[in-house]
Each structure stands twice: as structure tokens, then as C-alpha cells.
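Input: a single structure, listed below in C-alpha cells.
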Amino acid sequence: MKKKRIIGIVIGVLSILLVIDIVASFYFYNLAVERNKKDFLQGNADLEVSAEAMDVFIEGDWREWVDSQDFEQWDMTSYDGIDLKGYYLPAKEPTNKTVVLAHGYLGNARDMGLYGQYYYEELGYNIFTADMRGHGHSGGDYIGFGWHDRLDYIDWMDRIIEETGKDTEIVMHGVSMGAATVLMASGEEELQPNVKAIIADSSYSSVYDVFDYQLGRMFHLPAFPVLPSTSIVTKARAGYSLKEASALDQVEKTDVPILYIHGNDDTFVPTKMTEELVEHTNSDAELITFDNAGHGEAFVTQKDRYVSKLNEFLAKYIKE
């Protein structure tokens, strides 16, 4: 009887823990992946930016520049039936060079005007950017963290080539989740050879890795068993698992040259993730880091050094 009682207690405890894990899995899916308001990021110390960067992000003249441009709105239905919105701006003078910009988590296409202004005004590029699924004016009830978005961007670039010609040379430039997106796209066989270079600013190595990092940092919880079960929920509701959404796996297959950028003071996505990406990249890869720069800040706080390296890198792979 005593043995049966012990077994009963163990089963009861395990059942309670299982229920807690299931509840936690749906909680973290709703918190991070489902399309909704993300209050948990408000007041997050890891996302605090310098006063200098905040002024530019919030009140920079790039916002007025974006408003003054006549972007064409492009509509596309994704491979799985989601209505997506993209925005294209032809250069002042005809060119075969186009930059494809990818925004970060909870951002939108407009945010990439910060970078688009430089490509347009200083480099003379056509610009394309999009609201990723679950963001901006695009449809979708979940956030893909770059995984499904990688295929959306490949489809967008197919249209760019159709619109601008087969000799189009494309640079993909993403920040944070957008950086992971362009890296994830880089390993796909369907990626057109027109993509000549990739700029990945503040990327994570995989969705699982960044969730693991944030789970410990924000909630002081271990990855197991919460993340495996959250991954199951994500697979069931959003169609991808946290581990398969890996930029690390994708860059091992890429042949596109990549410039990696990261701030050494980034506590939201640690610099070591980009260092790991560099080590696993199959193609030509370069890394530049910025001291005293937090998550996605380097272009604003150290712009001269940023664009100097950017121009040096592009000159190697983009024809004059």
C-alpha cells in the first residue's frame, strides 16, 4: 500500500507539472509569437537606447524623408494564403541596384527608411521594403521570426527582378529579426543569383536560441521543459518549430557574401550569437562590432564607421 501511495503521489506531482508546462507553453506562445500587443517589452532594460539614438529613432529627419517619397504599394499573397504588403521606390536615376530591407520584431516597413534614405540618397539604389507577416499592414495572426518570412522575401525579390530586369543586383539588409530573415533566406535554393550581398545587423542565431536567452534573462527559467513544449504549440499554431527556424543552419548552406554587424553592448541579442553565425557561414563573411552600441544602435550612434564599412563591403560584390 505504501508503494502504491508513493507511486500515486509521484504521478500526481508529474501531472501537475505537466499541466503547468502546458499552460506555460501557451502563455509564452501568446506572449511572443501570437500577433497582439507586447506589453512585456515596455520598460525592458535590454531595449533601453541611448538618448542620442532615441532622438534619431523617434524624431530623425528620415521620417519626414519617408513621408515625402512616392513609394509604390505592392500586394502579394504568400504561399500559405496571407495577404502581404510591400513598398517599392525607384531610384532618382535608372539603376540596376536594389536594396531589400527587412525590419525588426514589432516594427514595420517604414522603420527601415532610416537605412533606406542612405541607400537612396547616397548610393542611388532602388528601395524595397515590406511589412512582414504579423506586422504593419500585412496579414497574419502570428510572428514568423524570419522563418516563413524568408520565403516571402524570396517571392518579393522574384517580383523585383520581374519589374526591374534580369540584370538587377540585389543587396539584402536586415536588422534584428530582419537580419535573421535575410540570413534564413540566404540558404534557400530558390534564392536568385541576383542577390549579391547581405548585411545582417544584430541577428540572432536561431529562434530557439534567442528564446532560451530571453527566458533565462527575463523570467529566470531554464529552457527545459518550457521551450520544447512551446515549440510544439508554435508548430501547431504557426507552422514552424523554434529549432527549425535557424539562421545558423541556413548560413551553412549559403554562397552569398555576408557582412555581420553587432553592438558589443547589446544585451537583447548577445554579440556571441553573431560571432557563432560568422563561424558557421559557408560564404565570404566579415564581422564588424561597435563598442558602446546596444541593440540595433550602431547605424545611428557610429554612422560614419558603419557606412564606411558598408561601402567597402558593397564595393567588393556590387558592380560599379
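Once the stretch 293-309 is narrowed to residues that are without any contact (Cβ under 8 Å) to a residue 60 or more places away in the chain and either in contact with a helix residue (DSSP H, G or I) (Cβ under 7 Å, 6 or more places away or on another chain) or of a type in the set (S, T, Y) (or both), the residue that is surrounded by the fewest Cβ atoms within 10 Å (Cβ to Cβ) is S308. The set of residues in the stretch 239-261 that are more than 17 Å from D141 (Cα to Cα), within 18 Å of the chain's Cα centre (by Cα) and open to solvent by 30 Å² or more (accessible area, probe 1.4 Å) comprises K243, E244, D249, E252. Does V269 satisfy the criteria of being touching a His at 6+ places or on another chain (Cβ under 8 Å), under 20 Å from Y317 (Cβ atoms) and open to solvent by less than 10 Å² (accessible area, probe 1.4 Å)? No; evaluated as a whole, the condition is false for this residue. Here T289 fits the description: over 21 Å from I154 (Cα atoms), open to solvent by 10 Å² or more (accessible area, probe 1.4 Å) and assigned to a strand (DSSP E or B). The residue that is farthest from L259 (Cα to Cα), counting only those in the stretch 126-160 that are assigned to a helix (DSSP H, G or I) and either open to solvent by 20 Å² or more (accessible area, probe 1.4 Å) or at pLDDT below 95 (or both), is R159. When the stretch 268-281 is filtered for residues that are closer than 19 Å to D212 by Cβ, over 16 Å from the mean Cα position of the chain (by Cα) and of a type outside the set (D, E), the ones remaining, listed by number, are K272, H280. State whether the residues of the stretch 161-184 include one that is among the charged types (D, E, K, R) and in contact with an Asp or Glu (Cβ under 7 Å, 6 or more places away or on another chain). No - not one qualifying residue is present in the stretch 161-184.
The values are calculated or read from the model by the stated rules, or taken from the named source; none is laboratory data. Just so we're clear, the structure is a prediction, and the values are computed from it rather than from any experiment. Cβ: placed from backbone, ideal geometry, glycine included. Neighbour counts: every protein chain shown. Ligands, DNA and RNA are excluded from the accessible area calculation, which covers all protein heavy atoms including side chains. Shrake-Rupley method; radii C 1.70, N 1.55, O 1.52, S 1.80 Å.
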